[in-house]
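The block underneath contains the structure these notes are about, expressed in structure tokens.
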Amino acid sequence: MPEDFVVTPWEVRGKVDYDRLVEQFGTQRIDAALLDRIRRHTGELHPLLKRGLYFSHRDLNWVLDEYEKGHPFTLYTGRGPSSAMHLGHMIPFFFTAWLQKHFRAKAWIEITDDEKFLFRDFDTLEDATRVGRDNILDVIAAGFDPKLTRIFLDTEYIHHLYPMAMNVAKRITFSTARAVFGFDASNNLGQIFYTALQSVPCFLESVEQGHNVPCLIPCGIDQDPHFRVTRDIAESLGFYKPALIHNKMMPGLKGLDSKMSSSAPDTAIFVTDTEQQARTKIRDAFTGGRATVEEQRRLGANPYICSVFAYYTYLFAPQDEHLAEVERTCKSGERLCGDCKAELADHVVAFLGNHQERRERAKDRVEEFVVRD
């Protein structure tokens, strides 16, 4: 990866050139024809699709081919435990829940407490598992159907995962893992093995049904390397290659080349933030504004470098007309950055209030969703 930006399953740094990623990863762009095809089945397009924020795929046309033949597909996504989940973490869950609703697809959701321990995000495995259980509440709050959703922590579902992971691992050489992930002598054995476990949920529905079921994985493009490896070995195991649909990573509050990080609280809005915390972070966010009010009234601002406008684009202007009005008034100078921040803060606070209420209710529903050994 060029030095000006880095994208791996464990690190995203710099301003990502998504056109270059599509070329380097060998994925396909989601084009107008594919969007029209999705719309024919769903009756609408999710804003993340319309705005090109889900922008890339592998074999999505094939999944729709199978669906149109009467062969349902399953969904698979997941999350590594995070001490505080931020809005960027929630993007794949909101979108997967939307796909589940429109295609009536079963969703398998993996909580990778083992991965986060192996890659040193937590000092103890027990801490990773505890935080993973807490994150499940946010996943449930995203709106999944309990009759069509299976959520599991790797360490609690390992009896079902490990035999298949052995078959995956036997087909992946260290030279492949080193070439794809850049592993070297400093990596521990668990890190090298981990992709074998992350591959398994692609096949769980096929095993449960006793026949091949197509699998679609909504995920950030940073996770694609895991599934390139999975796709290489899937057919040798007797399964379909998993298909993927990739989203762009939601930028941080410090600029479009900044990253949301749980270890840097001012970079992101976390789903557990208070109203005051959220308002303060948005007040201090990076914008595309001018040096003075007079200059901005005269020349307008630049929404395309603005973290606040990015938040509107991803989550907080679901109606295209509203987003277009924010963009127009920003560029014309009618809207000042303070106005934009105040409006966004109101949207974010309302969202957090609703999410936190759903999260609280989820505490009584965990057993409807979670599967264990």
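The values are calculated or read from the model by the stated rules, or taken from the named source; none is laboratory data. Just so it is clear, the structure is predicted and the values come from calculations on it, not from any experiment. Every residue, glycine as well, gets a Cβ built from its backbone with ideal geometry; the counts of neighbours run over all protein chains shown.
Would you confirm, using the coordinates I've provided, whether D257 is of a type in the set (D, E) and in contact with a strand residue (DSSP E or B) (Cβ under 7 Å, 6 or more places away or on another chain)? Criteria not met by D257.
In the stretch 294-303, is there at least one residue being in a helix (DSSP H, G or I), under 23 Å from F93 (Cα atoms) and in contact with a Cys (Cβ under 6 Å, 6 or more places away or on another chain)? No, the stretch 294-303 contains no residue that is in a helix (DSSP H, G or I), under 23 Å from F93 (Cα atoms) and in contact with a Cys (Cβ under 6 Å, 6 or more places away or on another chain).
In the stretch 153-200, the qualifying residues are those that are among the polar types (S, T, N, Q) and touching a Ser or Thr at 6+ places or on another chain (Cβ under 6 Å), and the one that is farthest from I140 (Cα to Cα) is S199.
Quick grid of which residues meet (1) touching a Pro at 6+ places or on another chain (Cβ under 9 Å); (2) under 17 Å from I109 (Cα atoms); (3) among the acidic types (D, E):
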{"site": "D145", "(1), (2), (3)": "no, yes, yes"}
{"site": "L153", "(1), (2), (3)": "yes, yes, no"}
{"site": "M166", "(1), (2), (3)": "no, no, no"}
{"site": "T173", "(1), (2), (3)": "no, no, no"}
{"site": "V213", "(1), (2), (3)": "yes, yes, no"}
{"site": "L216", "(1), (2), (3)": "yes, yes, no"}
{"site": "C219", "(1), (2), (3)": "yes, yes, no"}
{"site": "Q223", "(1), (2), (3)": "yes, yes, no"}
{"site": "R231", "(1), (2), (3)": "yes, no, no"}
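In the set (1) touching a Cys at 6+ places or on another chain (Cβ under 8 Å); (2) crowded, with 21+ Cβ neighbours inside 10 Å, D273 fails one condition alone, (1). Report yes if some residue within the stretch 186-199 is under 14 Å from K106 (Cβ atoms), of a type in the set (A, V, I, L, M, F, W, C) and at pLDDT 95 or above; otherwise report no. For the stretch 186-199, residues under 14 Å from K106 (Cβ atoms), of a type in the set (A, V, I, L, M, F, W, C) and at pLDDT 95 or above: absent.
Return the only residue of G78, G132 being assigned to a strand (DSSP E or B), surrounded by 20 or more Cβ atoms within 10 Å (Cβ to Cβ), touching an Asp or Glu at 6+ places or on another chain (Cβ under 9 Å) and assigned by TED's automatic domain parsing to the domain that holds A243. Among G78, G132, only G78 is assigned to a strand (DSSP E or B), surrounded by 20 or more Cβ atoms within 10 Å (Cβ to Cβ), touching an Asp or Glu at 6+ places or on another chain (Cβ under 9 Å) and assigned by TED's automatic domain parsing to the domain that holds A243.
For the stretch 276-299, the criterion of a residue being surrounded by 18 or more Cβ atoms within 10 Å (Cβ to Cβ), touching a residue at least 60 places away in the same chain (Cβ under 8 Å) and aliphatic (A, V, I, L, M) is satisfied by at least one position. Somewhere in the stretch 104-111, is a residue in a helix (DSSP H, G or I) and of a type in the set (A, V, I, L, M, F, W, C)? Among the residues of the stretch 104-111, not one is in a helix (DSSP H, G or I) and of a type in the set (A, V, I, L, M, F, W, C), which makes the answer no. Each residue in the stretch 135-178 was checked for being hydrophobic (A, V, I, L, M, F, W, C) and in a strand (DSSP E or B), and 3 of them qualify.
Given the structure, is I91 crowded, with 20+ Cβ neighbours inside 10 Å and within 19 Å of the chain's Cα centre (by Cα)? Taking the combined requirement at face value, the residue satisfies it.
Checked against (1) over 29 Å from G132 (Cα atoms); (2) modelled with pLDDT of 95 or more, V371 passes all but a single condition, namely (1). D257 meets all of the listed conditions (1) in contact with a Pro (Cβ under 6 Å, 6 or more places away or on another chain); (2) at pLDDT below 95; (3) not hydrophobic (A, V, I, L, M, F, W, C) but one, namely (1). Looking only at residues of the stretch 1-48 that are among the β-branched types (V, I, T) and out of contact with any strand residue (DSSP E or B) (no Cβ under 9 Å at 6 or more places or on another chain), we find that the one that is surrounded by the most Cβ atoms within 10 Å (Cβ to Cβ) is I38.
Yes or no, residue by residue, for (1) under 27 Å from F5 (Cβ atoms); (2) in the same structural domain as Q28 (by TED's automatic domain parsing); (3) in contact (Cβ under 8 Å) with a residue 24 or more places away in the chain:
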{"site": "A177", "(1), (2), (3)": "yes, yes, yes"}
{"site": "F203", "(1), (2), (3)": "no, yes, yes"}
{"site": "Q209", "(1), (2), (3)": "no, yes, no"}
{"site": "C215", "(1), (2), (3)": "no, yes, yes"}
{"site": "P218", "(1), (2), (3)": "yes, yes, yes"}
